[in-house]
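Q: Let me give you the structure first, and then I'll get to my questions.
What follows is calculated from the coordinates using simple rules that are stated; it is not laboratory data. Predicted model, so just to flag it, every value in this text is computed and none were measured. Backbone-built Cβ (ideal geometry, glycine too); neighbour counts: all protein chains shown.
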Amino acid sequence: MSIDLKEYVRDFVDFPKKGIIFKDISPLLASPDACHHAIACMRERWAGSVDVIVALDARGFIFGSMLGYEMHLPVVMARKKGKLPGEVCEYAYSLEYGESVLSMQSDACPAGTRVLIVDDLLATGGTAHAACELIKRSGAHVAGCAFVIELKDLGGRENLRGHDIDSLMIY
């Protein structure tokens with residue numbers, strides 16, 4: 001069964017601030033068929049080429065967890081500063097509308113493992129780039145980046161140059 005995932009995304013104009021068109025994935029998550037289709041597409045694309053999934057805070061946790069379950073792979077959380085216990089490594093970066101610091105537990109991605117970064121949205125690529133840097137610092141290899149939605153005009157692919165990128169929907 002082929003499903004047009006774009007039918008399950010709605011726009012909210014001027015959210016979270018004026019000039020932004022927010023792509024809401026709530027309808028996608030509310031549809032078991034559409035959600036299953038999205039995860040099946042990701043699984044098919046990355047099967048056999050990754051050892052660990054790094055899911056980005058916060059909506060990336062949803063898709064990363066489902067994909068990890070389907071692929072029977074460990075899922076690692078990359079979170080905002082101060083949200084993870086234990087020894088963490090951090091990377092500061094710019095967002096579409098601000099600055100942030102991404103952190104990951106230092107022992108989360110063993111050296112030599114092939115890591116897939118998963119998030120709901122590729123905009124400027126700042127958060128995914130930060131995750132790539134954290135993964136490289138750990139000695140692991142970034143196998144690729146998987147996104148549900150990509151906002152082409154915001155240049156995220158350029159920020160992730162050199163990495164294999166796959167997006168289910170491009171706007």
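Q: With a/c under 1.5 counting as rounded, go ahead and sort the chain into rounded, prolate or oblate using the C-alpha gyration tensor (a ≥ b ≥ c being the square roots of the eigenvalues; past the cut-off, prolate if a/b is larger than b/c, else oblate).
A: Working: a/c = 1.72, a/b = 1.20, b/c = 1.44.
Oblate is the answer for the chain, as a/c is 1.5 or above yet b/c matches or exceeds a/b.
Q: Moving on to the next point. Among all stretches of the chain without exposed trypsin sites (Lys or Arg not before Pro) (DSSP loop, at most 10 other Cβ atoms within 10 Å), which one is longest?
A: Numbers: sites that count: LYS17, LYS18, ARG161.
It works out to 19-160.
Q: If you place +1 on the Cβ of every Lys and Arg, -1 on the Cβ of every Asp and Glu, and leave all else neutral, what size is the dipole of the chain about its Cα centre, to the nearest 20 Debye? Present the calculation step by step, with values, prior to reporting the outcome.
A: On the way: 18 positive and 23 negative charges, 55 e Å.
Once rounded to the nearest 20, the dipole reads 260 debye.
Q: Can you list the lysines whose alpha carbon sits under 25 Å from that of LYS6, skipping same-chain ones fewer than 8 residues off?
A: LYS17, LYS18, LYS23, LYS152
Q: Of the beta bridges DSSP finds with both residues in the chain, what % are antiparallel, to the nearest 5? Show your work: numbers first, answer last.
A: Values: 14 of 35 bridges.
Looking only at bridges with both residues in the chain, the antiparallel portion is about 40 percent.
Q: Name the residue from ALA55, ILE135, TYR69 whose Cα lies farthest towards the positive end of the charge dipole of the chain, charges +1 on Cβ of Lys and Arg and -1 on Cβ of Asp and Glu.
A: ILE135
Q: Given the -39500 (n - 2.57) contribution per DSSP H run of 4+ residues, what per-residue ellipticity at 222 nm results for the chain, rounded to the nearest 500 deg cm²/dmol? Walk me through the numbers before you get to the answer.
A: Details: 5 runs with 49 residues, N = 171.
Taken over the chain, the calculation gives -8500 deg cm²/dmol.
Q: Further question: Note down the magnitude of the dipole of segment 6-75 about its Cα centre, charges +1 on Lys and Arg C-beta and -1 on Asp and Glu C-beta and zero elsewhere, to the nearest 20 debye. Intermediate results must be reported in sequence, preceding the final value.
A: On the way: 8 positive and 9 negative charges, 48 e Å.
For segment 6-75, the charge dipole is close to 240 debye.
Q: Which helices, counted as full DSSP H runs in the chain, have an axial Cα extent of no less than 20 Å and a Kyte-Doolittle average of -1.0 or above?
A: Numbers: long enough: 32-46 (21 Å, -0.54).
Span-like helices in the chain: 32-46.
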